[in-house]
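Written out below as C-alpha cells is the structure these notes cover.
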Amino acid sequence: MRPEDIPAIRGLDLFHDMDEGNFEDLIRAAYVQTFPPQVDLITEGDHADFLHIVFSGSVELYARWNGRETSMATVRPISTFILAATIKDAPYLMSARTSEKSRIIMLPSLDVRTVFEKDNAFARAVVTELAQCYRSVVKKTKDIKLRSSVERVANYLLRCHHQTGGALEFELQIEKRRLASLLGMTPENLSRAIKALRAYGVKVDGTSVRISDLADLEKFAKPSPLIDDSSA
C-alpha cells in the first residue's frame with residue numbers, strides 16, 4: 001500500500017477511532033491490487049478470507065440461484081465489503097466483481113477478527129456499520145414489497161436527483177439491465193415503468209434523465225425517509 005493511501009483508509013468510520021498500534025498492525029498485513037473491469041473478486045459460498053475495501057472504481061455485488069442472477073448493490077469508494085462474513089468467519093452470501101477498473105485493498109479476515117476482539121473502538125464501529133447495513137436491507141425490502149414497479153423507479157430517480165445536488169438533468173450511473181435487477185424487476189418492466197413516468201414529467205433517453213415537473217413526480221412517488229434515506 002502506498003503511504004499516501006493510508007490516511008484515506010484511516011478516515012473511514014470503521015477505522016477512525018481505533019488504537020493507532022492496532023490500525024498499523026492491520027494495515028501492515030494488507031494487500032493492494034488493481035483489477036480490470038468484470039473481474040470476479042469473491043464468490044458466494046466461498047470462505048471469507050479477506051475484508052475488501054474499494055479504494056477506486058466500483059464493485060457490483062450479485063447473487064445466483066438456479067440459473068438466475070440478480071444484482072444486489074454497487075460499492076463505491078471508499079467503502080468496505082463484505083464485513084459480516086469477515087466478522088462471523090462465515091461463507092460469503094454474495095459474489096462481487098469489478099464494474100470498472102478498480103483498486104482494491106484486502107485485509108486478512110483473521111487479522112480483522114483479532115483486532116475486533118481487543119480494540120473496543122473498532123468493535124463499536126463494526127457494530128455500527130453492520131447495523132447500518134441491516135437497516136439498508138430493511139429499507140430495500142420495503143421498497144420492493146410495498147411499491148409498484150413504477151413507484152420504485154420514480155423513487156430511485158428522486159434519490160438520484162438528491163445525490164446529484166438537486167440536478168433535474170443527470171446521467172444514470174449504472175446500465176438499465178443492472179438497474180432493473182437492483183429494483184427487483186425485469187428489463188421489460190423497467191422500460192414500461194420509464195414510459196409510464198412520462199406522465200409525471202420524466203424523460204429518459206438512454207442513460208440521460210430529465211425531470212421537468214419535480215413536484216408532480218414527488219406527488220406520485222411519495223418518497224419516505226423510512227425507505228429512501230440511506231443516511232439514517
Open item on the list: I'd like the Kirkwood hydrodynamic radius of segment 70-153, using the inverse of the mean 1/r over distinct C-alpha pairs, in Å.
Closed with: 15.1 Å
TODO: Express in % the proportion of alpha carbon pairs of segment 1-107 at distances exceeding 23 Å.
DONE: 27 percent
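Mind putting a number on the dipole of segment 148-211 about its Cα centre? Charges go on the C-beta only, +1 for Lys and Arg and -1 for Asp and Glu, and I need it in Debye to the nearest 20.
For this selection, approximately 140 debye.
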Task: Bins of 5 Å from zero: percent of alpha-carbon pairs in the chain - done: 1, 6, 13, 16, 17, 15, 12, 9, 6, 3, 1, 0
TODO: Return the long-range amide H neighbours of ILE82 (sequence gap of 5 or more, or a different chain), with a cut-off of under 5 Å between placed amide H atoms.
DONE: HIS52
Open item on the list: Quick check: the distance between the Cα centres of segment 162-232 and segment 27-74, to the nearest angstrom?
Closed with: 26 Å
Task: Order of THR34, THR86 - criterion: other Cβ atoms within 10 Å of each residue's Cβ, fewest first - done: THR34, THR86
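So what is the diffusion coefficient of segment 130-232 in µm² per second by Stokes-Einstein at 4 °C and 1.567 mPa s, using a Kirkwood Rh over Cα pairs? Walk me through the numbers on the way to the answer.
Working: Rh = 13.9 Å.
The Stokes-Einstein estimate is 93 µm²/s.
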Open item on the list: Compute, for the chain, the length of the dipole vector about the Cα centre, with Cβ point charges of +1 (Lys, Arg) and -1 (Asp, Glu) only. Units Debye, rounded to 20.
Closed with: 1160 debye
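Readers should treat all values here as calculations from the given coordinates under stated rules, not as data from a laboratory. Since we're looking at a predicted model, the values are computed, not measured. Using ideal geometry, Cβ is built from the backbone for each residue, glycine included, and neighbour counts are taken over all protein chains shown.
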